[in-house]
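The values are calculated or read from the model by the stated rules, or taken from the named source; none is laboratory data. Small disclaimer: the values here were computed from a predicted structure and weren't measured. Note that we place each Cβ from the backbone using ideal geometry, even for glycine, and neighbour counts take in every protein chain shown. For accessibility, only protein heavy atoms count, side chains too; no ligands or nucleic acids. Shrake-Rupley method; radii C 1.70, N 1.55, O 1.52, S 1.80 Å.
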Amino acid sequence: MIRLPSFRRRDVGIGAGLIGLLCVGAALAPLLTAYDPSTQIDLVSRQYAAPSLTHPFGTDFYSRDVLSRVLFGARISISIAAIAVFLSVTLGTVVGIAAGWVGGWVDSSLMRVVDAGLAIPRIFLVLMVVALWPELGTIGLVLVLGLTSWFDTSRIIRAEVLSLRSRTFVEAARALGLGPLRTIVRHVVPHLAAPMSVTVALGIGQMILLEAGLSYLGLGVRPPTPSWGQMIAEGQAALRVAPWVAVFPGVAVVITVLAFSLLGDGLRRHFNPRGQ
């Protein structure tokens, strides 16, 4: 039985624990706070109210509860990142399997498309699309993030498939008369679980950071829907008066990205101990 070294177990455990707490907090947001994230409680007496027992994270310019907005913002950020990464990994896996398994002109054509996609900085591509179609909405934002992030995944999966298709168990499956699709589903895809899990863990953290950056620039989630990047932008002007408005969502972004990075890096070192 293979056992993880202590530092890998620690990284995976810390990352998974933080992610679990974030997901529980996001799921139970209506129970953990008494305020709606969009409700302006009292513009006269509670504008920029300091953190207290009533408002643990304080309030913002519109007297909205910051804790409520951080928790509900976690729902938005994690959901967008998870769905976008699922779309990205699915598309990248399909392209990578097709390129690695079929080979020939199919491989060459698909890899030229991937090379072209990798040649354009992703942030520039996303900014261009979002700027050209400013009314995309949340669903459109997810599609843009997912459809511009699969190029790296396809190359990783292609390399794995090129290695797997010459293995003995794949040749045995072919000798038994199994068709290409059945061979891929039963004997190749299970062996792709390791790189896919690492890609998902690291990808969600990167996607949360990208979504927060877009929202900070006003190109992501539209108000009044709470978003961490949007909250940081709104609190930037009041850093001297009410630093908590920007600090708490900023800390949430840092902790979330760190958690997924720890989990992904721990999984990567576990599945590829010689490559660390």
Inset, instruction - Divide by every residue of the chain the summed helix terms, -39500 (n - 2.57) for each DSSP H run of at least 4, and state the resulting mean residue ellipticity at 222 nm, rounded to the nearest 500 deg cm²/dmol. - result: -22500 deg cm²/dmol
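Placing unit charges on C-beta atoms (Lys and Arg positive, Asp and Glu negative, everything else neutral), compute the dipole magnitude of the chain about its Cα centre in debye, rounded to 20.
On the way: 22 positive and 14 negative charges, 212 e Å.
My answer is approximately 1020 debye.
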Inset, instruction - Report, to the nearest 10°, how far helix 122-132 tilts away from the longest principal axis of the Cα atoms in the chain, using its own Cα long axis and a range of 0 to 90°. - result: 60 degrees
Legend entry - Which of 208, 266, 221, positive extreme of dipole for the stretch 200-276 (C-beta unit charges): 266
Inset, instruction - Can you check what the Kirkwood hydrodynamic radius comes to for the chain, Cα pairs only, in Å to one decimal? - result: 20.7 Å
Inset, instruction - Taking 7 Å along the Cα-to-C-beta vector as the label spot, tell me the residue 112-residue 162 distance in nanometres, rounded to one decimal. - result: 1.8 nm
Inset, instruction - Determine the share of the chain's accessible area contributed by carbon and sulfur atoms, expressed in whole percent, with a 1.4 angstrom probe. - result: 68 percent
Legend entry - Gain upon complete extension [residue 24, residue 131; 0.36 nm per residue less C-alpha separation]: 35.1 nm
Inset, instruction - Calculate how steeply helix 66-102 sits against the longest principal axis of the alpha-carbon atoms of the chain, using the helix alpha-carbon long axis, and give the answer as 0 to 90 degrees to the nearest 10. - result: 10 degrees
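Dividing the Cα convex hull volume of the stretch 208-269 by residue count, how many Å³ per residue is that?
Details: hull volume 4.8 nm³, N = 62.
With only Cα atoms used, the stretch 208-269 gives 78 Å³ per residue.
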Inset, instruction - Identify the residues of the stretch 193-228 with backbone N under 18 Å of a label point that sits 7 angstrom from the Cα of residue 123 along the Cα-to-Cβ direction, or state none. - result: 203-221, 228
Legend entry - Cα-based helix-to-principal-axis angle, 244-271 vs the chain, degrees rounded to 10: 20 degrees
Legend entry - In Å², nearest 10: area of residue 43 left accessible to a 1.4 Å probe: 80 Å²
Inset, instruction - For the stretch 1-154, just run the numbers: alpha carbon Rg, then divide by 2.2 N^0.38 Å, N being how many residues it has. - result: 1.45
Inset, instruction - Taking the Cα centre of the stretch 172-276 as origin, work out the dipole magnitude from +1 charges on Lys and Arg Cβ and -1 charges on Asp and Glu Cβ, in debye rounded to 20. - result: 520 debye
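Please work out the FRET efficiency for the pair residue 191 and residue 38, using the Cβ-Cβ distance as r and a Förster radius of 51 Å; give the result to the nearest 0.05. Mind dumping the intermediate values first?
Details: r = 47 Å, r/R0 = 0.92.
FRET efficiency, residue 191 to residue 38: 0.65.
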Legend entry - Cα-centre dipole for the stretch 1-151 with unit charges at Cβ (Lys and Arg positive, Asp and Glu negative), debye to 20: 520 debye
